[in-house]
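Some notes on the structure that comes next.
The values are calculated or read from the model by the stated rules, or taken from the named source; none is laboratory data. Please read all numbers here as calculations on a predicted model, not as lab measurements. All Cβ positions, even for glycine, are placed from backbone atoms using ideal geometry, and neighbour counts span all protein chains on display.
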Amino acid sequence: MSANVIVETKSRIKRIEIDRTDKKNALTLDMYAAMADALVAADADGEVRVILIHGKPDCFTAGNDLKDFLARPPHSDSEGEAFRFIRTISITKKPIVAAVGGAAVGIGTTMLLHCELVFAAPDARFQLPFVSLGLVPEAASSFLLPAIAGYQRAAEMLLLAQPFGVDKALAAGFVTEVIPEDELLEHARESAAGLAALPPASVQLTKRLMKRSREALVAEAMAEEGKLFRERLAGPEAKEAMTAFFEKRKPDFSKF
């Protein structure tokens, strides 16, 4: 387990807390591994009925820790803890509830497309920055976001890669409800407890039935995204974007 991921099981709820406040909850590969392991353990534990994922009230996650990610980039579908987490959350059998406050960047937004209930604070800020980093989307978001939000909304979010607020996320359909920040986590816990009190087999079967028609398409999208993501990560556009990020300057794509 990572020191920056807190995992606790209580009252039939597996709670996964992202806890790296000094780095805005940016995710390292060790953190991805800890979260993936927690999801696998939750599915295997008969006492767990619901999974709750959250960060801090003012920050869900700033996305990848780029230095850590670039130091150990994935070279295939079978490599990389980030990709393992993405695959795992997409096939987790038990319902997932998320509580989102503050920044939800990159994977902080795309993982929400695999959750059953997503509660967000009024200050939540979402961003899908992949194109601006010279990359392509991940977590099957290139398939799921148009399916959930509609093509034009998804195109705006994925192609322009700009931050957007909770009202737009709610209208797009991947946020369930907006909850005041001081009530957010407790509301998410109560909703998770409500799910945990229901017949567990019926809940899991209903989740499976809702997702079964798109299982193959999600897996196909992830495979294609992963292939292109790895290619783009080694390409000149991503190199310029990452260099500019670390040098704290605006990237120059005019030569491409």
Next item on the list: Please verify whether segment 136-151 includes one or more residues that are in contact with a strand residue (DSSP E or B) (Cβ under 9 Å, 6 or more places away or on another chain), charged (D, E, K, R) and modelled with pLDDT of 95 or more.
Entry: no
Next item on the list: Within segment 115-145, count every residue that is more than 15 Å from ALA103 (Cβ to Cβ) and charged (D, E, K, R).
Entry: 2
Next item on the list: Evaluate the following for ILE89: is it under 20 Å from VAL118 (Cα atoms) and within 12 Å of the chain's Cα centre (by Cα)?
Entry: yes
Checklist line | Scope segment 178-200; condition free of Cβ contacts under 8 Å to residues at least 60 places away in the same chain and within 20 Å of the chain's Cα centre (by Cα); matching residues | finding: VAL178
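Tell me which residues, restricted to segment 224-252, are within 20 Å of LEU128 (Cβ to Cβ) and either surrounded by fewer than 13 Cβ atoms within 10 Å (Cβ to Cβ) or not hydrophobic (A, V, I, L, M, F, W, C) (or both).
Keep residues of segment 224-252 that are within 20 Å of LEU128 (Cβ to Cβ), which gives 224-233, 235, 237-238, 240-242, 244-245, 250-251.
Hits for segment 224-252 are GLU224, GLU225, GLY226, LYS227, ARG230, GLU231, ARG232, GLY235, GLU237, GLU240, LYS250, PRO251.
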Next item on the list: Could you tell me which residue of segment 110-145 is surrounded by the most Cβ atoms within 10 Å (Cβ to Cβ), considering only residues that are in contact with a Ser or Thr (Cβ under 8 Å, 6 or more places away or on another chain) and of a type in the set (Ser, Thr, Tyr)?
Entry: SER141
Next item on the list: Kindly indicate which of THR61, THR88 is buried (at least 24 other Cβ atoms within 10 Å of the Cβ), within 16 Å of GLU138 (Cβ to Cβ) and either at pLDDT 95 or above or small (Gly, Ala, Ser) (or both).
Entry: THR61
Item checked: Count of residues meeting criterion [outside any helix (DSSP H, G or I) and closer than 17 Å to ALA103 by Cβ] in segment 149-178 -> 8
Next item on the list: Report, by residue number, each residue of segment 237-256 that is in a helix (DSSP H, G or I) and free of Cβ contacts under 8 Å to residues at least 40 places away in the same chain.
Entry: THR243, ALA244, GLU247
